[in-house]
Amino acid sequence: MKSMSELLRIGDFAKLGRVSIKTLRYYDVEGLLKPEIVDPATGYRYYRIAQAAHLAQITNLRAAGFHISEIVALLRSDLSSDVLADFISAKREKLLDDRAAIDDRLRIVDTLSKSLASHSEQALSTVKLTSVSPQLVHSVSKHVLTLGAPVTEMFEAAEAEVASCDARMSRAPFLLFHDLPAKKRDLKVEVCIPVKEESSQCLNSILIPGCELACAVVYGGHYGQTETLRDRMVNWVENVGLTPGGPLREIYHRFGADQEDYKLPAKMLAKETDEYVTELLLPLKAA
């Protein structure tokens, strides 16, 4: 048994390890760090000086964000440097994911603050703020004199080509507008059909980039609403001091289709115009 002169009382050990007495008692209960001796008469806890190294392991892992249960499991295992390195590497990846999620929220909070400062309530009601993931698509670009029938023909041909390669993903197709919002005729548009990754050998497939922040508006019914809603979105973006970060997307969640040479999932199809569900999405540049 260690002599009492070789031991530290809990208060002194707590100061040495820069933790509170309450924390040491908690570590004792959780089985992380037991005192060397507990005086049966007084209940005083005594620790060996050498236990400071064990305490340092615990506090370092706690500072890195490890939960108590994780540390208990870790310290009860065969703790080699390789095992510890793997645990720390995995924690680092988790923290990076958490930081990215917090950054996304901060971007939205900042945008909402700017929207309210500009006396616009659209960001809290009509306009949805979101992020967008990259998407692989079969892409067809063309200048069309007007929207409507020419664009429909582009979609029909593109869907048929994707179907011939059995490459279709069950995701909403969309149209990219590459011209300024005010332009009404001779428009450069790009039809995008989501496809499988292995389709690149069969189709003209490209990766449409994602973005950290975008604004979107969802509406039901005829496509004639696109122009008015698009103008409102652009005005809102300007009012809050942001800048478009890419072409406007018109995403078709439910729509009409001829399906002459292809077949789409029933959930995508609408028999009547008033059943259409469309989303306008505008990528934004990060401030």
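The values are calculated or read from the model by the stated rules, or taken from the named source; none is laboratory data. Just so you know, these numbers come straight off a predicted model, no measurement behind them. Cβ placement follows ideal geometry from the backbone for every residue including glycine, while neighbour counts extend to all protein chains displayed.
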- Task: Mind telling me which of the residues 147, 129, 187 ends up being buried (at least 18 other Cβ atoms within 10 Å of the Cβ), touching a helix residue (DSSP H, G or I) at 6+ places or on another chain (Cβ under 7 Å) and either at pLDDT below 90 or closer than 24 Å to residue 257 by Cα (or both)?
- Result: 129
- Out of the residues in the range 268-287 that are over 25 Å from the mean Cα position of the chain (by Cα) and among the charged types (D, E, K, R), state the one that is surrounded by the most Cβ atoms within 10 Å (Cβ to Cβ). 275
- residue 109 is checked against (1) modelled with pLDDT under 85; (2) assigned to a helix (DSSP H, G or I); (3) farther than 30 Å from residue 132 by Cβ and fails just one. What number does that condition carry? (3)
- Item | Output for the range 219-247, where each listed residue is closer than 21 Å to residue 191 by Cα and surrounded by 15 or more Cβ atoms within 10 Å (Cβ to Cβ) | 219, 223, 225, 226, 229, 230, 244, 245, 246, 247
- Inter-residue pairs, beta-carbon under 8 Å, first within 13 Å of residue 46 (Cα to Cα) and in the range 14-27, second of a type in the set (Gly, Ala, Ser) and not in a helix (DSSP H, G or I), 6+ apart: 14/20
- Message: Between 55, 74, 24, which is at pLDDT below 90, at negative phi and surrounded by 12 or more Cβ atoms within 10 Å (Cβ to Cβ)?
- Response: 74
